[in-house]
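See below for the structure under consideration.
The values are calculated or read from the model by the stated rules, or taken from the named source; none is laboratory data. All values reported here derive from a predicted model rather than from experimental measurement. Cβ placement follows ideal geometry from the backbone for every residue including glycine, while neighbour counts extend to all protein chains displayed. These accessible areas exclude ligands, DNA and RNA; they are computed on the full protein's heavy atoms, side chains included. Shrake-Rupley method; radii C 1.70, N 1.55, O 1.52, S 1.80 Å.
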Amino acid sequence: MRTIDDPAALHSSRVQLLPHGRGLLVDGTAVQIGRRALEILSVLVEARGELVTKDELLSRVWNGSVVEEGALQAQISGLRKALGDHRDHIKTIAGRGYQLTGDVAVVESTSAAEPGPYPGCPTNLPAPTSELIGRETNLKEVRALVAAHRLVTLTGAGGIGKTRLAQEAARQLSANFADGIWIAQLASVSDPQVVAATVAAVLELGTAHDALSTKDIAWELRTKRMLLVLDNCEHVIDEAAHLAEALLRWSPGVRVLATSREPLLAEAEVVYRVSPLALPPEGTEDADALLQAGAVRLFVTRARAADAHFSLDNHAGRTISAICRRLDGIPLAIELAAARAEGLGLEALAARLEDRIEVLTGGWRTALPRHRTLRATLDWSYELLPDTERAVLRRIAVFAGAFTLDAASAVATDAAITEADLVSCVANLASKSLLTADVSGSNAVYRLLKTTRSYVLEKLVKSGEFEVVARHHAKYCLSILEQREAAARRQAEERLAVFNRHVDDIRGALDWAFSLGDDAPLGVALTIASLPAWLHLSLTEELRERVERALASVDRASAIGARQEMQLCEALDAAEISWTSTLQCGPRPSV
Ligand SMILES: Nc1ncnc2c1ncn2[C@@H]1O[C@H](COP(=O)(O)OP(=O)(O)OP(=O)(O)O)[C@@H](O)[C@H]1O
Ligand SMILES: [Mg+2]
């Protein structure tokens, strides 16, 4: 064994063990190797070529847990595979144990070339391949939440950036977790029963033969201080919730940071809704000011990656800002749009965005399959929905803007979907990040992201229900207008009743203000406030006299006076019209 402090010497060793279990370099290349295999190699290196018995390896690497010898053999075989041409460095002493026979350099100095960005912290977090844009505040908030709570779930729509945010927050927290930061990417787990096995494999717990339960995993981690990132839990939500709860109960030093399109609903869970990237304020023109907004910065960064000559002048800036706005600031949609900008040009891209679902295709070849097109991302959520939620989602996509539960009910209920079904479906769709909910007012208001709406409208048309739903929607709009009209009529009648009750007092007050009291401003205000009532009662002659008297006293030099003069003149015009129609239709009864 050699210890290397001098980076130059590093290159002369064919097998290099990085410090703190951070990995293994073989012929200068980082190789995939699990935690236990690394620990076995460390123990062999420490023995400096002496025999290490099987019992010692089992006890040191498995922390005294009872495991079969097969588990050790499996790890040794994995280790030999990782060593490739240097597999003979590990010699089996039949029936007794193992021995290191070749040269393995242990890199001690952190000044030596480091393949990973996490000195001192064992981790399987992938190294970031691009800058995380516009998430400074979110990072701070997530770090604070993980420091204060043991289970934090980042939720939000597909492609909004939950995974990226979780990975970066975890990375920045690495100093706090001596036993590392481990990420279990659950997106590819299609069978919920395999969640525990996937996490156990990431943490290299148990053996290939023993399937560990969530409780076993939690028990194995009881003495560890680690952060476990459970990434993309939405399709295995129950199992992820059980695992998180078991960890909270049995492993006091373990924290969980989950990402999911919907909350786990686990005990003690704290939910953090990931917001879209910031958009520039409407009307911003200046390119530098536009770049302050994360959404624009992401678009420009990706567009420049595709075309090094891409430049941002004020005109391009306005178009990009409009594109980002139409994509609701969703990073994945922005990335896909930026990739299309190179072929289409900005203006054509903006013009074609009505058809977002068709246009936003062609992501990175290395992207996850569900991130290569916007359709695939939305398919992922849509396909996880039960039939009733799908039907409700399709029907409420008819709303172009915000809508209430009443509105949703008008278009989405029928013989099969009751009012109660609808309420629970809408709540579930909001929880699954397919709707945004604003519950700040007395009546909750919901909305679909524009990208989600485009996708679901397509489904609505395909379902053959579009005609029926559009008719319900039109009837609902009519009923809203009629209700407003009736309410306005009621209000006008109430106002008139009040006026009628006080009409003689109002006449007296006006006479006083313009003569005895000599308080013209009060008289003008009274005239203006009573205008609609005089008009409504067709007391046009009286209205004209009173308006003319008020006009004579308006102080035209002041801003208020000018506005009042305008209101009074409009009333005179209205009185003229009313006067003409009165002449045609005959007078109303006098008050
Ligand atoms: N702040 C950001 N800066 C740069 N790129 C980002 C940012 N946020 C997200 N991205 C990119 O957008 C894409 C989607 O992000 P991510 O995978 O984190 O979304 P997600 O919310 O986890 O989606 P899903 O629900 O499908 O898992 C990725 O390519 C990611 O690299
Ligand atoms: Mg994700």
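Screening segment 208-251 for residues that are surrounded by fewer than 20 Cβ atoms within 10 Å (Cβ to Cβ) and of a type in the set (S, T, Y) and picking the one that is farthest from ligand 1 (Cβ to nearest atom) gives T223.
Per the conditions (1) surrounded by fewer than 22 Cβ atoms within 10 Å (Cβ to Cβ); (2) in a loop (DSSP other than H, G, I, E, B); (3) hydroxyl-bearing (S, T, Y), the sole criterion not satisfied by T388 is (2). Among the residues of segment 132-166, none is identified as without any contact (Cβ under 8 Å) to a residue 40 or more places away in the chain, small (G, A, S) and more than 23 Å from R225 (Cα to Cα).
Reported count of residues in segment 545-578, each being modelled with pLDDT under 85, assigned to a helix (DSSP H, G or I) and open to solvent by 90 Å² or more (accessible area, probe 1.4 Å), is 5. Can you find a residue that is at pLDDT below 95 and either surrounded by 17 or more Cβ atoms within 10 Å (Cβ to Cβ) or assigned to a helix (DSSP H, G or I) (or both) anywhere in segment 290-298? Within segment 290-298, one or more residues are at pLDDT below 95 and either surrounded by 17 or more Cβ atoms within 10 Å (Cβ to Cβ) or assigned to a helix (DSSP H, G or I) (or both). Whether any residue in segment 116-127 is open to solvent by less than 10 Å² (accessible area, probe 1.4 Å) and touching a Gly at 6+ places or on another chain (Cβ under 8 Å) is what I want to check. Yes, some residue in segment 116-127 is open to solvent by less than 10 Å² (accessible area, probe 1.4 Å) and touching a Gly at 6+ places or on another chain (Cβ under 8 Å). Considering only residues in segment 254-280 that are part of a loop (DSSP other than H, G, I, E, B) and closer than 30 Å to L290 by Cα, the one that is nearest to ligand 2 (Cβ to nearest atom) turns out to be R261. Count, please, the residues in segment 1-35 that happen to be within 44 Å of the chain's Cα centre (by Cα) and either modelled with pLDDT of 80 or more or part of a strand (DSSP E or B) (or both). So the answer is 11.
Please tell me if T214 is in contact with a His (Cβ under 8 Å, 6 or more places away or on another chain), farther than 30 Å from L374 by Cβ and not acidic (D, E). Give the steps one after another, and end with the answer.
On the way: in contact with a His (Cβ under 8 Å, 6 or more places away or on another chain): yes; farther than 30 Å from L374 by Cβ: yes; not acidic (D, E): yes.
Taking the combined requirement at face value, the residue satisfies it.
For segment 391-415, the set of residues classified as buried (at least 19 other Cβ atoms within 10 Å of the Cβ) and either in contact with a Pro (Cβ under 6 Å, 6 or more places away or on another chain) or among the charged types (D, E, K, R) (or both) consists of R394, R395, listed by residue number. For segment 143-168, residues that are more than 12 Å from ligand 1 (Cβ to nearest atom), open to solvent by 10 Å² or more (accessible area, probe 1.4 Å) and in contact with a strand residue (DSSP E or B) (Cβ under 7 Å, 6 or more places away or on another chain) total 3.
Restricting segment 114-138 to residues that are in contact with a helix residue (DSSP H, G or I) (Cβ under 6 Å, 6 or more places away or on another chain), more than 16 Å from ligand 2 (Cβ to nearest atom) and of a type in the set (A, V, I, L, M, F, W, C), the residue that is modelled with the highest pLDDT is I133.
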